[in-house]
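> Okay, here's the structure, questions in a sec.
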Amino acid sequence: ARRVASLPHALVDNIPEQLGSDGSKLVQYARWVKERIQALAGADYRPTIHLDAHGALGQIFDNNLGKVLGILYALESAVKPYPLRVECPVMLASREAQIDAMRTLRDYVRARGLRVQLVADEWANTLDDIRAFVDAQAADMIQIKMPDLGSVHNAVDAVLACKRGGVGAFLGGSCAETDLSARVSVHVALATRPDMVMAKPGMGVDEAVMLTQNEMGRALAEMAHRRAAQ
């Protein structure tokens, strides 16, 4: 059976159906994911549950960070004992406002003693953006969207900037990428060692995981062969 370190990276983009007016539907979904893991995988599999809110938590609570904190608490409680990451819980109108809101929400999380990790995505598009989020300590992890960065060396620099700043690096991108860009991502990951790599392309699961893991396996096997031949 395939096992990944983080799942399902579910995109929350339909508030009435996926969240509800108070976020309760998302909490129910998170609990269902936990129960499916327990039913199908056993006690030795402990993935991080990763939800991409795409700013929706802020939408339903009019960016009231205290209320957003409340739903983060409910989500963390729903998925225990598994770790939780929530990507882009709020989405503001500028980079500066986004950084300020994410940093404040992260402070609230710490003050409340929660363990949920906040992931920056929106407004962290360029290398300069990513460095600004890192400098402000506005997230526990940043999604590094390789197509947005414009070049492979910028993606490398972004991962290294996160690592230097003590922020988790999520080497990600888009479901609309190609198999070639996905394989390039694998080699960037092997060179820079981010905390997480997105399985891509596509909106499915097995195909993207297979492509990413197979490319990583091939590269590691070739490296081992070359070392043995020296």
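What follows draws every value from the coordinates through simple rules; no lab data is involved. What you are looking at is a predicted structure, and each value in this text was computed from that prediction instead of being measured. Here the Cβ positions follow ideal geometry from the backbone for every residue, glycine too, while neighbour counts run over all protein chains shown.
> Near K25, which aspartates and glutamates are there with a Cα under 20 Å away, not counting those fewer than 8 places off in the same chain?
D13, E17, E35, D52, D62, E76, E87
> Separate question: Picking from L180, N125, N214, whose Cα lies most toward the positive end of the charge dipole for segment 124-230 (charges on Cβ: Lys, Arg +1; Asp, Glu -1)?
Farthest along the dipole direction, towards plus: N214.
> So, one more: Would you mind calculating the gained length between L160 and R31 on full extension (0.36 nm times residue separation, minus the Cα-Cα distance), in nm to one decimal?
On the way: separation 129, 0.36 × 129 = 46.44 nm, distance 3.46 nm.
Contour length minus the Cα-Cα distance gives 43.0 nm.
> Follow-up question, since we're still on this one. On a straight-distance basis, which lysines could pair with K163 in a cross-link, Cα separation under 19 angstrom, same-chain partners fewer than 8 positions away excluded?
Here the lysines satisfying the reach criterion relative to K163 are K145.
> Please report the net charge: other residues with Cβ closer than 12 Å to the Cβ of F133, K and R +1, D and E -1. Numbers along the way, then the final one.
On the way: positive: R95, R103, R106, R131; negative: E96, D100, D121, E122, D128, D129, D135, D140.
Once all neighbours under 12 Å are counted, the net charge is -4.
> Calculate, in nm to one decimal, what L190 and R103 gain on full extension: separation in residues at 0.36 nm each, minus their alpha carbon distance. Don't skip to the end; give the middle numbers.
Details: separation 87, 0.36 × 87 = 31.32 nm, distance 2.98 nm.
Gain in length upon complete extension: 28.3 nm.
> Additional query: Largest first and in whole Å, what are the equivalent-ellipsoid semi-axes of segment 98-211 based on the Cα gyration tensor, each being the root of 5 times an eigenvalue? Kindly include the intermediate steps, with their values, before the conclusion.
On the way: eigenvalues 127, 48, 28 Å².
Equivalent ellipsoid of segment 98-211: 25, 15, 12 Å, largest first.
> OK, next. Quick one: compute the contact order of segment 33-150, relative version, from alpha carbon pairs under 8 angstrom and 6+ residues apart, as a percent.
Details: 168 pairs, mean separation 27.9, N = 118.
This gives 24 percent for segment 33-150.
> Which three extents, in angstrom, do the Cα atoms of segment 69-141 have along their principal axes, listed largest first?
Taking max minus min along each principal axis of the Cα atoms, segment 69-141 gives 36, 19, 18 Å.
> What does the C-alpha gyration tensor say about the overall shape of the chain? Classify as rounded when a/c is under 1.5, otherwise prolate if a/b is larger than b/c, or oblate. Let's see the in-between values first.
Values: a/c = 1.92, a/b = 1.34, b/c = 1.43.
Oblate is the answer for the chain, as a/c is 1.5 or above yet b/c matches or exceeds a/b.
> Just the number: Rg to Rh for segment 47-93, Cα atoms, Kirkwood Rh, two decimals. Can you show the working numbers first?
Working: Rg = 10.7 Å, Rh = 10.8 Å.
Rounded to two decimals, Rg/Rh equals 0.99.
> Using the beta-carbon distance between R112 and E17 and R0 = 30 Å, what value does 1/(1 + (r/R0)^6) give for FRET efficiency, to the nearest 0.05? Don't skip to the end; give the middle numbers.
Values: r = 29 Å, r/R0 = 0.95.
With R0 = 30 Å, the Cβ-Cβ based efficiency is 0.55.
> Quick check on packing: order 171-177, 90-96 by the mean number of other C-beta atoms within 10 Å, highest mean leading. Present the calculation step by step, with values, prior to reporting the outcome.
Values: 171-177: 18.6, 90-96: 15.3.
Packing order, densest peptide first, comes out as 171-177, 90-96.
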